[in-house]
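Enquirer: Once you've had a glance at the structure underneath, I'll fire off some questions.
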Amino acid sequence: EGTWAFGHPTGGSGDHGLPDPNNGHTGTNVYGYNLTGGYTNNMIERNLTTTTINCTGVTGAKLSFYRWLGVEQNAYDHAYVKISNNNGSTWNTVWQNGATTIDDGSWLYQEYDISAWANNQANVKLRWTMGTTDGAWTYCGWNIDDVKIWAADPNGCPTHPGDLNCD
């Protein structure tokens, strides 16, 4: 939705904060909100949503990714990671920005326990949200790379990253 795209970020920025990266964490491409600059003022929520992920038989599910995020504190602008286990009918917040402005300026590893929503669920979707925003300062927004869902091995082995729906 909006200007979410997969491609090569150009190092652009909003009117405040540090710029987007010039490359992905791994390789040159990322998923990002406006790969040539920042998010806009007075923006409604815009989402990057995965296809359905089948987590049937999965336990101990975790989401990990690298982020490069610039967003003003949540009194003004918003960024979220959300999850649905009913194929997008309702969404639960996994993470949201808080009362401090985020201005990463480098790739930062993120890991979240999504087991409460993903374990043994057939219709899981993940969503990164940019917005809502106010009418003042803008930052570079979301840049996302190396997204993985981790799950415990049913035989009790340590967790391993995997392609849970074999695509």
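The values are calculated or read from the model by the stated rules, or taken from the named source; none is laboratory data. No experiment lies behind these values; they were computed from the predicted model shown. Heads up, the Cβs are rebuilt from the backbone with ideal geometry, glycines too, and the neighbour counts pull from every protein chain shown. For accessibility, only protein heavy atoms count, side chains too; no ligands or nucleic acids. Shrake-Rupley method; radii C 1.70, N 1.55, O 1.52, S 1.80 Å.
Enquirer: Which of the residues belonging to segment 45-76 are buried (at least 21 other Cβ atoms within 10 Å of the Cβ) and in a loop (DSSP other than H, G, I, E, B)?
Expert: Result: C55, V58, W68, L69, E72.
Enquirer: Can I ask one more? In segment 44-74, what residues are more than 17 Å from D103 (Cα to Cα) and out of contact with any strand residue (DSSP E or B) (no Cβ under 7 Å at 6 or more places or on another chain)?
Expert: I44, T51, N54, T56, G57
Enquirer: Inspect segment 28-41 for any residue being within 24 Å of K125 (Cβ to Cβ), open to solvent by 60 Å² or more (accessible area, probe 1.4 Å) and in contact (Cβ under 8 Å) with a residue 60 or more places away in the chain and give the result as yes or no. Please lay out each step first, then the result.
Expert: Narrowing segment 28-41 to residues within 24 Å of K125 (Cβ to Cβ): 29-35, 39.
Those still in the list that are open to solvent by 60 Å² or more (accessible area, probe 1.4 Å) too: 31.
After this cut, where a residue has to be in contact (Cβ under 8 Å) with a residue 60 or more places away in the chain as well, the list is 31.
Scanning segment 28-41 turns up at least one residue that is within 24 Å of K125 (Cβ to Cβ), open to solvent by 60 Å² or more (accessible area, probe 1.4 Å) and in contact (Cβ under 8 Å) with a residue 60 or more places away in the chain.
Enquirer: Given Y112, Y31, which one is in contact with a Leu (Cβ under 6 Å, 6 or more places away or on another chain) and either at pLDDT below 95 or farther than 23 Å from A5 by Cβ (or both)? So that I can check it myself, show each step before the final result.
Expert: Details: Y31 fails: either at pLDDT below 95 or farther than 23 Å from A5 by Cβ (or both).
Selected residue: Y112, the only one of Y112, Y31 that is in contact with a Leu (Cβ under 6 Å, 6 or more places away or on another chain) and either at pLDDT below 95 or farther than 23 Å from A5 by Cβ (or both).
Enquirer: Collect the residues in segment 90-109 that are among the hydroxyl-bearing types (S, T, Y), closer than 21 Å to E1 by Cβ and either more than 15 Å from the chain's Cα centre (by Cα) or crowded, with 16+ Cβ neighbours inside 10 Å (or both), keeping them in residue-number order. Break it down stepwise before answering.
Expert: To start, the set of residues in segment 90-109 that are among the hydroxyl-bearing types (S, T, Y) comprises 90, 93, 100-101, 106, 109.
After this cut, where a residue has to be closer than 21 Å to E1 by Cβ as well, the list is 90, 93.
Correct list: T90 only.
Enquirer: Further, regarding this structure: Out of T159, T132, which single residue is over 20 Å from D20 (Cβ atoms), open to solvent by 50 Å² or more (accessible area, probe 1.4 Å), modelled with pLDDT of 95 or more and of a type in the set (S, T, N, Q)? Quick ask: steps written out before the conclusion?
Expert: Values: T159 fails: modelled with pLDDT of 95 or more.
Exactly one of T159, T132 is over 20 Å from D20 (Cβ atoms), open to solvent by 50 Å² or more (accessible area, probe 1.4 Å), modelled with pLDDT of 95 or more and of a type in the set (S, T, N, Q), namely T132.
Enquirer: Could I ask something else about it? So which residues in segment 135-154 are surrounded by fewer than 20 Cβ atoms within 10 Å (Cβ to Cβ), under 15 Å from the mean Cα position of the chain (by Cα) and not charged (D, E, K, R)?
Expert: V147
Enquirer: Are any residues in segment 112-140 of a type in the set (A, V, I, L, M) and either more than 21 Å from I44 (Cα to Cα) or in contact with a helix residue (DSSP H, G or I) (Cβ under 8 Å, 6 or more places away or on another chain) (or both), and if so, which ones? First the steps, then the outcome.
Expert: From segment 112-140, those of a type in the set (A, V, I, L, M) are 114, 116, 118, 122, 124, 126, 130, 136; that's our starting set.
Correct list: I114, A116, A118, A122, V124.
Enquirer: Where the second residue is small (G, A, S) and assigned to a loop (DSSP other than H, G, I, E, B) and the first is farther than 20 Å from Y33 by Cα and lies in segment 47-66, which pairs have Cβ atoms under 6 Å and are six or more apart or on separate chains?
Expert: Cβ pairs passing all conditions: N54/A122; T56/A122.
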